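In what follows, a single structure is set out as C-alpha cells and then discussed.
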Amino acid sequence: MLGMFLSVSFGQEQAKFGLGFEFHTFPSALMEDGGGALGIYVPINAGSLLIEPLIMYSSSSTEVDYDDYSQDDFEYTESDLTLLIGIFKPTVRGKIRSYYGIRIGKSWSKNEDSRPGYDDYESDYLVIAPTVGAEYYISDNFSFGGEAMYTMTTIEEEEEEYSITSKQNTLIPRFIVRFYF
C-alpha cells in the first residue's frame, strides 16, 4: 500500500533530490542514545510529498592506561547508528516551505568494555518521531531551516530472571542546511 502511494506521488511530478546536513541546537552533552550524532539527510521532493531518509552515526572511544601496574589498562567504546525515513506533507508560501509528518526507523547501539567482569552490550530499538519543520529557500538549490523532532523510543531487554522495558521521549530541535540538484 505504501509503495503504491509513493509511486503515485512520484509519478505526478519530476522528483527533485538533495543532500542535507544538520547542526544541533542542543549541546551534545545533553544528548543520549544516538541523539548526539549529526545527521545526513537525503530530501526527495515528490510534488505533494517530501520523502527524506536520515542517517545518523556516532562513536566514541576511551582508553585508560595506568602507570601503576597493579591495575589493568582498558578500553571502552560506544557506537550508535540510526536509519530513519521521513514522510512529510509540505506547504509552500513564497520562499518558505513548512512541513509536518513522521520519521520512523531503527537505531542500533553497541558498547564494548575490555575490563574483566564487564560485558559487551548491543541493543536495537524502533524510533517513531512526529516532526514539524520549515525551510527558507535562498535559491532554488539551497535552503536552511529548522525542525522539531519528538522521538519516542522503547527498548526491551530480556534476561533469564527478569525483563526491562525502558521508554524515552525527547524533543530534538535541529538546524538543517539542504542543497538540491
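The values are calculated or read from the model by the stated rules, or taken from the named source; none is laboratory data. Only a predicted model underlies this, so the values are computations on that prediction, with no experimental measurement involved. Cβ placement follows ideal geometry from the backbone for every residue including glycine, while neighbour counts extend to all protein chains displayed. Heavy atoms of the whole protein, side chains included, go into the accessibility calculation; ligands, DNA and RNA do not. Shrake-Rupley method; radii C 1.70, N 1.55, O 1.52, S 1.80 Å.
Can you list residues whose amide H is under 5 Å from Val42's amide H, if they're 5+ apart or on another chain and H is modeled 1.01 Å from N?
For Val42, whose amide H was placed from the backbone, the distant partners under 5 Å are Gly20.
Placing +1 at every Lys and Arg Cβ and -1 at every Asp and Glu Cβ, with all other atoms neutral, what dipole size does the stretch 31-123 have around its Cα centre, in debye to the nearest 20?
1780
Keeping every protein chain present and rolling a 1.4 Å probe, give me the accessible area per residue for the stretch 40-181 in Å².
60
Suppose every Lys and Arg Cβ carries +1 and every Asp and Glu Cβ carries -1, with no other charges. What dipole size does the chain come out with about its Cα centre, to the nearest 20 debye? Intermediate results must be reported in sequence, preceding the final value.
Values: 12 positive and 29 negative charges, 495 e Å.
With only Lys, Arg, Asp and Glu charged at Cβ, the dipole is about 2380 debye.
Starting from the Cα of Trp108, move 7 Å in the Cα-to-Cβ direction to define the label point; list residues of the stretch 37-66 whose amide nitrogen is under 19 Å from there.
37-40, 53-61
With the full set of protein chains in place, find how many percent of the accessible area of the chain is carbon and sulfur; take the probe as 1.4 Å.
Its accessible area is 57 percent carbon and sulfur atoms.
As a quick test, which of the pairs Lys16/Lys95; Lys89/Lys110; Lys106/Lys167; Lys16/Lys110 have an alpha carbon distance above 24 angstrom in this structure?
Numbers: Lys16/Lys95 16 Å; Lys89/Lys110 34 Å; Lys106/Lys167 15 Å; Lys16/Lys110 36 Å.
As for pairs spanning more than 24 Å Cα to Cα, those are Lys89/Lys110; Lys16/Lys110.
Answer with one residue from Phe74, Pro43, Ser58: the one whose Cα lies farthest towards the positive end of the charge dipole of the stretch 38-88, charges on Cβ with Lys, Arg +1 and Asp, Glu -1.
Checked the options; the winner is Pro43.
Of the options Tyr118, Ile172, Gly18, report the single residue whose Cα projects farthest towards the positive end of the charge dipole of the chain (beta-carbon charges: Lys, Arg +1; Asp, Glu -1).
Working it through, the farthest residue towards the positive pole turns out to be Gly18.
How much net charge surrounds Trp108 when only other residues with a Cβ under 10 Å from its Cβ are counted (Lys, Arg +1; Asp, Glu -1)? Before the final figure, lay out the partial values.
Numbers: positive: Lys106, Lys110; negative: Asp80, Glu122, Asp124.
Taking every other residue near Trp108 into account, the sum is -1.
Could you rank the peptides 120-130, 48-58, 96-106 by their average count of other C-beta atoms within 10 Å per residue, with the highest value first?
Order by mean packing, descending: 48-58, 96-106, 120-130.
Which one of Thr153, Ile128, Ser143 has its Cα pushed farthest toward the positive end of the charge dipole of the stretch 95-181, where Lys and Arg give +1 and Asp and Glu give -1 at the Cβ?
It is Ser143.
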